[in-house]
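The structure appears below as structure tokens.
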Amino acid sequence: MTSRTYLSELFSLDGRVAVVTGGSSGIGRAIAGALARAGAGVVVVARREPELRETVDELTADGCRAAWVSADLGTRAGVRAAAERAAGAFGEPDILVNAAGINLRPPMGELGEDVWDATMAVNLEAPHLLGQRFGPGMAERGFGRIIHITSQQAHRAFVNSGAYGVSKGALESLARSQAEAWSPYGVTCNTLVPGFVMTPLNARLASDPEKVAALAARTMVGRNGLAEDFAGAAVFLASRASAYVTGQALFVDGGFSVH
């Protein structure tokens, strides 16, 4: 067996179908691109059509199978409609990546019900509903991969974690519950935990050079994260290579979390 054949059998996603929420920008876009280039048919779900079209056009130009669904993941009806449209593109998914999120973090004393409800709806309830829609089918077919993007705020409080940190902590607990339910049937459920990554979601912090430099200094590699740093980890967790990895939080943070 050649090394190329071995690696292809271990990591190839040929014939798989992936749904990636938040897949038109930041970490989600990088993951969508990685899964597509590894062979999966990828359905990108997000709100804004221009970014969706741009993402899918780039992937199809590279010879990948890709489609997009514009959706509001802030309501149950929007999530359910998005799920059905996504499944209609290439069939029922084998891989679900929940990268969509909102980052509203007022000081705790100013945290209103509107921010709390909006944060939980997108960051926690949408991944739960999508898991309920796709997880049982994955289990019936004997293969599935559910990957959530969480946050350092799931483990430690800083820079006004507020409702955002609560939602991400709960999302890691959701992954463990999903793993308990479906891993006996071939469905692994894990989370990727970023450090500080220069994406639109972190635009507020990214606009402060001193804070950006301080966060980079807190890592062990001496820099902040880039969206493309998540490509390899996502392909690993989506492939058969990770069949014995489930219920885990994989930190992709340059050592930020162990300083």
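The values are calculated or read from the model by the stated rules, or taken from the named source; none is laboratory data. These numbers were taken from a predicted model, which means no experiment stands behind them. The protein model used for the area step is the full one, side chains on, heavy atoms only, and it has no ligands, DNA or RNA in it. Shrake-Rupley method; radii C 1.70, N 1.55, O 1.52, S 1.80 Å.
Once fully extended, how much extra length lies between Ser70 and Val159, figured as 0.36 nm per residue of separation less the alpha-carbon to alpha-carbon distance?
Gain on extension, Ser70 to Val159, equals 28.9 nm.
Can you work out ³J(HN,Hα) from phi for every residue in the range 13-23, in order, using Karplus 6.51 cos²θ - 1.76 cosθ + 1.60 and θ = phi - 60°, giving whole Hz and x for Gly and Pro?
Once θ is set to phi - 60°, the couplings for the range 13-23 become 10, 4, x, 8, 10, 10, 10, 10, 7, x, x Hz.
Viscosity 1.306 mPa s, temperature 10 °C: what is the translational diffusion coefficient of the range 108-212 from Stokes-Einstein with a Kirkwood Rh over Cα pairs, rounded to a whole number of µm²/s? Present the calculation step by step, with values, prior to reporting the outcome.
Values: Rh = 15.0 Å.
In µm²/s, the coefficient rounds to 106.
Working out 0.36 nm times the residue gap between Glu228 and His259, then minus their Cα-Cα distance, what length gain in nm do you get to one decimal?
Details: separation 31, 0.36 × 31 = 11.16 nm, distance 2.26 nm.
In short, 8.9 nm is gained.
Counting alpha carbon pairs within less than 8 Å and at least 6 residues apart, what relative contact order, in whole percent, applies to the chain? Write out the running numbers ahead of the final one.
Details: 523 pairs, mean separation 51.9, N = 259.
That works out to 20 percent.
Amide H neighbours of Ala249 under 5 Å, counting only residues 5+ apart in sequence or on other chains, H built in-plane at 1.01 Å?
Placed amide hydrogens put Thr191 under 5 Å from Ala249.
Restricting the calculation to Cα positions, tell me the Rg (one decimal) and the Dmax (whole number) of the chain in Å.
Final numbers for Rg and Dmax: 17.5, 61 Å.
Could you tell me the accessible area of Arg76 in Å² (1.4 Å probe, neighbours in place), rounded to the nearest ten?
The accessible area of Arg76 comes to roughly 140 Å².
Tell me, how many Å apart are the Cα centres for the range 203-246 and for the range 16-33?
Taking the Cα centre of each part, the range 203-246 and the range 16-33 sit 15 Å apart.
Would you please give the residues with an amide H less than 5 Å from that of Trp68, counting only those at least 5 places away or on a separate chain, with H modeled from the backbone geometry?
Hits under the 5 Å cutoff: Val44.
Before I look further, what does the chain give for accessible area per residue, probe 1.4 Å, in whole square angstrom?
Working: 11680 Å² over 259 residues.
For the chain, the solvent-accessible area averages 45 Å² per residue.
Given a 1.4 Å probe and heavy atoms of the protein chains only, how would you sort His259, His148, largest accessible area at the top? Display every interim value, and only then the final one.
On the way: His259 130, His148 0 Å².
Per-residue accessible area, sorted high to low, gives His259, His148.
As an exercise, take the mean of 1/r over every pair of distinct alpha carbons in the range 1-111, invert it, and state the Kirkwood radius in angstroms. Please report the intermediate quantities before stating the final value.
Working: mean 1/r = 0.0680 Å⁻¹.
Computed over the range 1-111, the radius equals 14.7 Å.
When the accessible area of the chain is computed with all protein chains present and a 1.4 Å probe, what percentage of it is carbon and sulfur? Display every interim value, and only then the final one.
Numbers: 6280 of 11680 Å².
C and S atoms contribute 54 percent here.
Can you name the helices of the chain, as whole DSSP H runs, whose Cα span along the helix axis is 24 Å or more and whose Kyte-Doolittle mean is not below -1.0?
Working: long enough: 162-182 (30 Å, -0.19).
Span-like helices in the chain: 162-182.
Can you tell me which of Gly112, Gly39, Gly26 moves the most in a GNM of the chain? Springs connect C-alpha atoms under 10 Å apart.
Gly112
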